Amino acid sequence: MLDTTPLTAAVDHFADRLRAAPQSRLQRGAATEALALARELAARAQAIEEPGTAPREMPDAGMFAAADQITVAGRDLALVLTDEEELARALELVGEAQKRAGV
């Protein structure tokens, strides 16, 4: 079984930083970056769980829900990952999104 603790830790860290960020930072793009990441992580999880089906898009629940959305999507992906390369790519995505978000 693949140890996905680094992914859940990275997602939790990003989510915590978003929750601590001022509203102005969320409005300047941090929430948008988080939603884009949540959608990507959710699409990857769905592709593993339901190959060959079109992924459902995570809805925009607002800037204050972005942290929760990346937490849910990241943990869902962590549960279904079985490949080291996919884990590494997911970690890169989280790190890149957090840098772009500036949190």
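FYI, it's all coordinate maths here, none of it is from the lab. Bear in mind the structure is a predicted one, so any value in this text is a computation, not a measurement. Cβ coordinates were reconstructed from backbone atoms using ideal geometry, including for glycine residues, and neighbour counts include every protein chain displayed.
Counting only residues that are within 15 Å of L18 (Cβ to Cβ), surrounded by 15 or more Cβ atoms within 10 Å (Cβ to Cβ) and among the acidic types (D, E), region 50-103 holds 1 of them.
Applying a threshold of 9 Å to beta carbon distances and a minimum spacing of six or more residues, or different chains, the list of pairs starting in region 24-39 at a residue that is without any contact (Cβ under 8 Å) to a residue 24 or more places away in the chain and ending at one that is β-branched (V, I, T) and part of a helix (DSSP H, G or I) is empty. Whenever a residue of region 47-76 is on the phi < 0 side of the Ramachandran plot, its partners that are outside any helix (DSSP H, G or I), lying with C-beta atoms within less than 8 angstrom and at least six residues away or across chains, give the pairs A47/P55; I48/L81; I48/T82; D68/A61; Q69/M58; Q69/A61; A73/M58. Being charged (D, E, K, R) and in a helix (DSSP H, G or I): is that true of R100 here? So R100 passes the test.
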